[in-house]
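Visitor: Next up is a structure, given as structure tokens.
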Amino acid sequence: TWSSLLDTLEQDTERGVHYKLLFLQRHGEAWHNVIKERVGDDRWKTVGVEDSYDGITLFDDSLTKDGLSQVRDLSTKWVEEIEKGAPLPRSHYISPLQRTLHTHELTWGPSQSGLIVESLRERYGVYTCYERHNKSWIRDNYPNLEFEDGFREFDDLWESDRREPKWHVDSRVEHFLNGLFNNDESTVISVTSHAKFIKRLLKYLKHPSYKLQPGQMLPIVIK
């Protein structure tokens with residue numbers, strides 16, 4: 001049960017062992033997911049580099065109708081889990097891409113605060129769905145969220161001709177986790193991110209692999 005898990009974490013913390021209970025959430029289905037599946041991997045290499053395709057925006061794309069439903073369903077299930085004793089996260093961290101920001105808002109409510117963190121991004125470069133809006137646009141559309149220190153106005157990480165190396169995603173994972181344990185006293189934490197980032201995070205922790213579907217959430221305990 002949730003209560004027994006929380007009791008265990010609290011007792012161990014009193015003995016000097018520190019834990020984090022992370023709720024890892026993948027964004028709901030976005031338009032690039034649909035288009036990539038529709039055109040296939042080979043054609044995606046030419047389609048995905050464009051800002052739009054067939055009248056659909058791919059640049060930092062939004063959630064689809066199904067994606068919205070997936071996240072709203074999860075939010076409803078969360079209400080049920082809270083009634084069963086599930087703990088509410090005390091800290092919220094979100095990738096700066098539109099689909100993750102909207103997923104966080106739909107899951108926890110528009111008034112929920114949180115911190116936007118570049119390290120939580122999907123593996124960036126080449127494809128426009130991995131490029132983010134500028135900081136001003138994000139602030140205007142998600143005014144209750146804050147930015148990590150040093151968050152830049154424009155996306156200078158994304159490059160049109162170079163994909164981020166996987167080893168660099170791993171270094172982002174390590175940097176993010178070190179920051180959690182060194183700077184955040186919260187035990188229960190929400191992380192809204194992307195499939196590849198979550199996959200590399202689980203691998204870094206030597207956690208059994210688990211492929212989150214769009215809009216799904218995975219709770220894990222880190223010692």
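The values are calculated or read from the model by the stated rules, or taken from the named source; none is laboratory data. Only a predicted model underlies this, so the values are computations on that prediction, with no experimental measurement involved. As a convention, Cβ positions derive from the backbone with ideal geometry for all residues, glycine included, and neighbour counts pool all protein chains shown.
Visitor: Quick check on my filter: what residues within segment 135-151 are surrounded by fewer than 19 Cβ atoms within 10 Å (Cβ to Cβ), assigned to a helix (DSSP H, G or I) and of a type outside the set (D, E, K, R)?
Guide: Step one: of segment 135-151, the residues surrounded by fewer than 19 Cβ atoms within 10 Å (Cβ to Cβ) are 135-137, 139-141, 143-144, 146-151.
Adding the requirement that they be assigned to a helix (DSSP H, G or I) leaves 135-137, 139-141.
Within segment 135-151, S136, W137, N141 qualify.
Visitor: Among the listed residues F154, F181, which satisfies the condition of being assigned to a loop (DSSP other than H, G, I, E, B) and either under 21 Å from L74 (Cβ atoms) or more than 17 Å from the chain's Cα centre (by Cα) (or both)? Walk me through it before giving the result.
Guide: Numbers: F181 fails: assigned to a loop (DSSP other than H, G, I, E, B).
None of the others qualify; the one that does is F154.
Visitor: Taking only pairs six or more apart or across chains, which ones have beta-carbon atoms under 6 Å, a first residue in segment 153-173 that is over 13 Å from E131 (Cβ atoms), and a second residue that is in a loop (DSSP other than H, G, I, E, B)?
Guide: Qualifying pairs under 6 Å: E153/N134; V169/R123.
Visitor: Next up: Among (1) modelled with pLDDT under 95; (2) out of contact with any Leu (no Cβ under 6 Å at 6 or more places or on another chain), which single condition is H194 missing?
Guide: With (1) modelled with pLDDT under 95; (2) out of contact with any Leu (no Cβ under 6 Å at 6 or more places or on another chain) applied to H194, the lone miss is (1).
Visitor: Something else about it: Within segment 88-134, how many residues are over 17 Å from D61 (Cβ atoms), among the β-branched types (V, I, T) and part of a loop (DSSP other than H, G, I, E, B)?
Guide: The total comes to 1.
Visitor: Which residue pairs have Cβ atoms closer than 8 Å, lie 6 or more positions apart in sequence or on different chains, and pair a first residue in segment 71-87 that is among the β-branched types (V, I, T) with a second residue that is part of a loop (DSSP other than H, G, I, E, B)?
Guide: Listed by first residue and then by second, the contacts come to V71/H27; V71/G28; V71/G215; I82/L88.
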